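Contents: one structure, followed by commentary.
The values are calculated or read from the model by the stated rules, or taken from the named source; none is laboratory data. Every value quoted in this text rests on a predicted model; they were computed, and no experiment measured them. All accessible areas refer to the heavy atoms of the entire protein, side chains included, with ligands and DNA or RNA removed. Shrake-Rupley method; radii C 1.70, N 1.55, O 1.52, S 1.80 Å.
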Amino acid sequence: MERNTPLVTVGLPMYNPGRFLDLAVRSVFAQTYDNWELIILDDGSTDGSLELARRIRDPRVNVFSDGKNRGLPYRLNQILDLASGQFIARMDADDLMHPERIERQVKHLLAYPEADAVTTGAILIDRENRPMALKPGQKPSLLEVLRRGGYLHPSLMARADWYRKHRYSEAYPRAEDREFFVRTYASSRIDVLKEPLYFYRWYGNVRPKALLQGYASERRIMWRYGPKHVGWGATLILVTLSSLKSVAVSVGSYLKIPGVLEARGFSALPPDLQEEVRRALERIQATPVPGWNEG
């Protein structure tokens, strides 16, 4: 690939990702687009992940740590301050990127200069990297953003200047993306690629405490933005549905009912995608990382 293509900063915040960090990093090195820098920003990990990250030997990779646990919104804003790229791409430390993710998102942003950002669809995987379901990318309505978040946040790639203009609020833990997308919805253009260019680790990786914290934050977002954008009636319905989700998670967790925490109504993985997904995962797994595959 030509080196005059835009530099992309991949921002990877992490807090105790454990064994999942390995494939997350390999998926960056497996990209067909090679003009990237990777910022790994530790949030006080205690599981050896920071030491593993520091073993990487590649000038495109920078690892930062202050030894503190400040939360995801703080680290996302810190990535915006550290990034050198024209475009900034999100990623979670327990997920994987499809090898063509960066190339295809950059191509879209270059083709549509009026777009501020672009997200994608996703393949949902379990803890053993098995593909379980499909989440196609689709443009959500504002009501859908308020209700479910709408966009796939970790697949977001945005223009750096726009991203810095719309920093994350730290007032809504576990729902900072919801507030971010609601706040920017009317004034920005966020496009969506329907293709699943991201591997989202969902099945077997859902934590009740995190879900409940996110639901509490989403209700505060609904109360703040809902009346103005969708009216009081719709807001009351949204808050009620969110409260019912909290009840379902609490009961399901207490009774250990399988599947309650992961229920989302995702689509089954189409047969024609299965071979492509298999090849992509194999490519990622076989990709070496300098400093990890030596000696």
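Rounded to the nearest whole Å², what accessible area per residue is found for the stretch 43-97 with the 1.4 Å probe?
45 Å²
When a/c is below 1.5 the answer is rounded, else prolate if a/b is larger than b/c, else oblate, so apply that to the stretch 179-232 with a ≥ b ≥ c taken from the square roots of the Cα gyration tensor eigenvalues.
oblate
In whole Å and largest first, what semi-axes does the C-alpha gyration tensor of the chain yield when each eigenvalue is scaled by 5 and square-rooted?
After scaling each eigenvalue by five and taking roots: 29, 22, 20 Å.
Suppose we keep just the DSSP beta bridges with both residues in the chain; what percent of those would be antiparallel, to 5?
Taking every DSSP beta bridge within the chain, about 35 percent pair in antiparallel fashion.
Over the stretch 78-124, what lengths in whole Å, largest first, do the semi-axes of the equivalent ellipsoid take, defined as the square roots of 5 times the eigenvalues of the alpha-carbon gyration tensor?
Here the semi-axes work out to 18, 17, 9 Å.
Using only Cα atoms, figure out Rg for the stretch 120-207 and give it as a multiple of 2.2 N^0.38 Å.
Dividing the Cα radius of gyration by 2.2 N^0.38 Å gives 1.13.
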